[in-house]
Amino acid sequence: MKIRIAGIVPESVVDGPGIRFVVFTQGCPHHCLECHNPETHDFHGGELKDVKEIINEFSGVRLAQGITISGGEPFCQPEACVQLAREVKLLKKNVLVYSGYTFEELQKLGEKQPEVKSLLGFTDILIDGRYIKEQRDLNLAFRGSANQRIIDVPKSLAVGQAVDLK
């Protein structure tokens, strides 16, 4: 399966806890004012890459504690992101996903699009919410604005509401 990506950063310490292998998906409907990755907005930009190729690259980064799927908007390509997340979980690594959608919006989308629900099911940590320029805070770990949350997805799915990662 192919995924449209803007790029890959094999080792990052700013896109989630620990050393992360980061995949930036291409295409985003949110167009947040002063977005950190505006080059990822165009749904026809970037490049198509086979998910298996990405997993092979990921497997070669021994220090990576997990994968971060960022964007763009990963939930605009849920099928490919599910395949990516599933393979990472088989390697006993964790999955962090950034989304401009809130956890609550994703749950509603998941009712209509089973792949969205499936991607949430493979996600350990979700950083949710659109970037809001007026709420920018450079002191926040892994987030750009104060409205964005770091969510423990397995706990959230178990109780049916967003649970902040402690």
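The values are calculated or read from the model by the stated rules, or taken from the named source; none is laboratory data. Not measured: the values here are computed from a predicted model. For neighbour counting, all protein chains shown are included, and Cβ atoms are generated from backbone atoms with ideal geometry for every residue, glycine included. Surface areas here come from the heavy atoms of the whole protein model, side chains and all, with no ligands, DNA or RNA. Shrake-Rupley method; radii C 1.70, N 1.55, O 1.52, S 1.80 Å.
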Restricting the search to region 27-59, which residues are touching a residue at least 40 places away in the same chain (Cβ under 8 Å), touching a Gly at 6+ places or on another chain (Cβ under 8 Å) and crowded, with 18+ Cβ neighbours inside 10 Å? GLY27, CYS28, CYS32, GLY46
Using beta carbons and a limit of 8 Å, which pairs, at least six apart or on different chains, have the first residue in region 4-20 and without any contact (Cβ under 8 Å) to a residue 12 or more places away in the chain and the second one surrounded by 14 or more Cβ atoms within 10 Å (Cβ to Cβ)? VAL13/ILE19; VAL13/ARG20
Which one of PRO74, PRO17 is open to solvent by 40 Å² or more (accessible area, probe 1.4 Å), modelled with pLDDT of 95 or more, within 15 Å of the chain's Cα centre (by Cα) and of a type outside the set (Ser, Thr, Tyr)? PRO17
Need the failing condition index for SER156 against (1) open to solvent by less than 10 Å² (accessible area, probe 1.4 Å); (2) closer than 20 Å to CYS28 by Cβ, just the number. (2)
